[in-house]
Amino acid sequence: CPQGLCARCAGDIRAAVPMMLIDSWLTSRRLVGLPFSDMCQPLVSDDAYGLLALTGAQDQVNKMSAASLELRGPGIGNAKDLGFSNGTNFLRHIIDLDAVADAMEARLHQSARRAIRKAEREGLTVRLAADIDSMHAFYRLMVLTRRKHGLLPQPKGFFQNLHRHMFQSGAGYLLLAEYEGRPIAGDLLLRFRDELVYKFNASDPDFLHLRPNNLLLWNAMLTGAALGCRTLDLGRCDEENEGLRRFKLLWGSREETLSYYYYPQNNRSGLLTGGIARDSLALFVKYAPLAALRGMGS
């Protein structure tokens, strides 16, 4: 369950470190700021309260018999002095939204505009969906996408809970791209205040030549602007993933560095870090029946 380690003074919270314990057959037992999230930064400053909160979080590694602690987010100024390693830098891309569609379109790279027009010429349509059946259709696409990348899908219950707790409260949105009445790609968006988060994208690999993801992203921008959101967060990207980075930059996004911190230093225990085990899992995922992948993911 999620927990927050807080430093207090006279009953007031002066610093806090969010943590959640992860313990499954695929991972080592570890503490993570917030799983399934790109960023959940500790609320600490370079003062005695921040120091107390961070060292208290370190103590939890031993108390909970965890292999490591992973903090996700920038601004932990004294983390290295406390024995954390800044072992991973990701890239984060953010699109500034404008109420005028023409102004947003003018910032797009010409190749992005061409892809949008191609998808429209091919007859693709995008609809905003909120029902549970549409979420199930999106999950089917999610399983296909994860298989393409050699990864197990998230549990189906995870998306059902997103629908129950986020969509029904007005904080979640699902865009489905359809071709001849069939969903072939989708974007799952989450809203927090005036920020829209482009959280999950999934697609049927057999239809990527129709450019559904380009049409979806453009509609995500339009949806965010219509909702009054200030930004669209495209999420994290590995520094070495040049293809994904180039794609995100086509949309007029600004690029920021997103740092992760680990304790003990250089301990990045996680999903099947062993090369043989990781490659074996990827091979299984790519050829296993979809039903088996859904069960393994759960």
- Message: Need one value: the accessible area of CYS6 in square angstrom, 1.4 angstrom probe, rounded to the nearest 10.
- Response: 50
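Per the 1.4 Å probe, what fraction of the accessible area of the chain, in percent, lies on carbon and sulfur atoms? Please list the in-between numbers first.
On the way: 7450 of 14640 Å².
About 51 percent, which is the carbon plus sulfur part of the accessible surface.
Rounded to the nearest 500, what is the 222 nm mean residue ellipticity of the chain from helices alone, with -39500 (n - 2.57) per DSSP H run of 4+ residues and division by all residues? List each step's numbers first, then the result.
Details: 9 runs with 102 residues, N = 298.
That calculation yields -10500 deg cm²/dmol at 222 nm.
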- Task: Grab the Cα-Cα distance for GLN265 and ARG193, subtract it from 0.36 nm times how many residues apart they are, and report the gain in nm with one decimal.
- Result: 22.4 nm
- Taking only protein heavy atoms and a 1.4 Å probe, what accessible area per residue, in Å², does the chain have with all protein chains in place? 49
- Solvent-free Debye scattering, log10 I(q)/I(0), computed from the Cα coordinates of the stretch 39-120 at q = 0.24 Å⁻¹: -1.24
- Estimated FRET transfer efficiency when R0 is 51 angstrom, pair GLU122-GLU240 (beta carbons, to 0.05): 0.95
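Of all beta bridges DSSP finds with both residues in the stretch 1-110, what is the antiparallel percent, to the nearest 5?
Around 80 percent antiparallel, to the nearest 5.
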- Query: Over the stretch 168-258, one equal point on each Cα, no solvent: what is log10 I(q)/I(0) by the Debye formula at q = 0.18, 0.25, 0.26 Å⁻¹?
  - Reply: -0.86, -1.37, -1.42
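Assign unit charges at the C-beta atoms only (+1 for Lys and Arg, -1 for Asp and Glu), then state the dipole size of the chain relative to its Cα centre in Debye, rounded to the nearest 20. Working shown, then result.
Values: 36 positive and 31 negative charges, 127 e Å.
That gives a dipole near 600 debye.
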- Message: Eigenvalues of the Cα gyration tensor times 5, then square-rooted: what semi-axes does that give for the chain, in whole angstrom, largest first?
- Response: 35, 24, 18
- Query: Using the per-residue mean of other Cβ atoms lying within 10 Å as a proxy for protection, in what order, highest first, do the peptides 160-167, 277-284 fall?
  - Reply: 160-167, 277-284
- Query: Which length gain, in nm to one decimal place, applies between ALA282 and ASP133 when the Cα-Cα distance is subtracted from 0.36 nm times their residue separation?
  - Reply: 50.7 nm
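Jot down the per residue volume, in cubic angstrom and as a whole number, of the convex hull over the alpha-carbon atoms of the stretch 91-247.
Hull volume normalised by residue count: 112 Å³.
The values are calculated or read from the model by the stated rules, or taken from the named source; none is laboratory data. Given the structure is predicted, the values throughout are model-derived calculations rather than measurements. Positions of Cβ are backbone-derived with ideal geometry, glycine not excepted, and every protein chain shown enters the neighbour counts. Heads up: the accessible areas ignore ligands, DNA and RNA and are worked out on the full protein's heavy atoms, side chains in. Shrake-Rupley method; radii C 1.70, N 1.55, O 1.52, S 1.80 Å.
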